[in-house]
Amino acid sequence: MGSTKLIRYLNDRFRSTFQGGKVVLTIGIRALPQEEITEILSKVSNFNDFNSSNDPYFEHDCACLEYKGMKIIWKIDYYDKEYEYASEDPADITKTNRVLTVMLADEY
């Protein structure tokens, strides 16, 4: 499997299960009622509308979605195993921790 395909697979697996990294919710998301947070996270984990405009590198690492008139952005970043620096190889799970950030678009 090429590195782009492997990164995409790892991102999809993490995003769909929220296991294998950290999930960060911004202040704007955390201020919402818990049932709305749960619905947004479900939309993120089930997101599958990738195309060339929202996924130019084919890694499934970022996208926008609409929820009750709000624009939500989610993004996956790659860190070293101590979460201090950028990962040198996002395709290598022995060197990489993933962080999924979910935010309101106006927080970006």
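The values are calculated or read from the model by the stated rules, or taken from the named source; none is laboratory data. Computed from a prediction, not measured in an experiment: that's the story for all the values here. Glycine gets a Cβ as well: all are built from the backbone with ideal geometry, and neighbour counts include every protein chain shown. Ligands, DNA and RNA are stripped out before the accessible areas are found, and what is left, the full protein with its side chains, is counted by its heavy atoms. Shrake-Rupley method; radii C 1.70, N 1.55, O 1.52, S 1.80 Å.
The separation of segment 68-108 from segment 24-38, counted between C-alpha centres, amounts to 17 Å. Taking every protein chain into account, the accessible area of the chain amounts to 60 square angstrom per residue (probe 1.4 Å). I'd like the orientation of helix 3-17 relative to the chain: the angle between its Cα long axis and the longest Cα principal axis, in ° from 0 to 90, rounded to 10. Around 40 degrees separate the two axes.
In order along segment 75-91, the phi-based Karplus estimate (6.51 cos²θ - 1.76 cosθ + 1.60, θ = phi - 60°) of 3J(HN,Hα) comes to 8, 10, 10, 10, 10, 5, 5, 9, 6, 9, 10, 5, 5, 7, 8, x, 7 Hz; Gly and Pro are listed as x. Taking Cα atoms only, the orientation of helix 34-46 departs from the longest principal axis of the chain by about 40 degrees. A helix-only calculation puts the chain at -9000 deg cm²/dmol for mean residue ellipticity at 222 nm, using -39500 (n - 2.57) for each DSSP H run of at least four residues, averaged over all residues. Histogrammed with a bin width of 5 Å, the alpha carbon distances of segment 10-108 distribute as 2, 13, 23, 24, 19, 12, 5, 1 percent, first bin at zero. Note that segment 58-67 has calculated 3J(HN,Hα) couplings of 6, 9, 6, 10, 6, 6, 10, 8, 9, 8 Hz, one per residue in order, obtained from phi through the Karplus relation 6.51 cos²θ - 1.76 cosθ + 1.60 (θ = phi - 60°); glycine and proline are x. Rounded to the nearest 20 debye, the dipole magnitude of the chain is 240 debye, with +1 charges on Lys and Arg beta carbons, -1 on Asp and Glu beta carbons, and the Cα centre as origin.
When the accessible area of the chain is computed with all protein chains present and a 1.4 Å probe, what percentage of it is carbon and sulfur?
Using a 1.4 Å probe with all protein chains present, the chain comes out at 52 percent carbon and sulfur.
Summarising the strand pairing of segment 4-108, around 75 percent of its internal DSSP beta bridges are antiparallel. Across the chain, the relative contact order, built from alpha-carbon pairs under 8 Å that are at least six residues apart, equals 34 percent.
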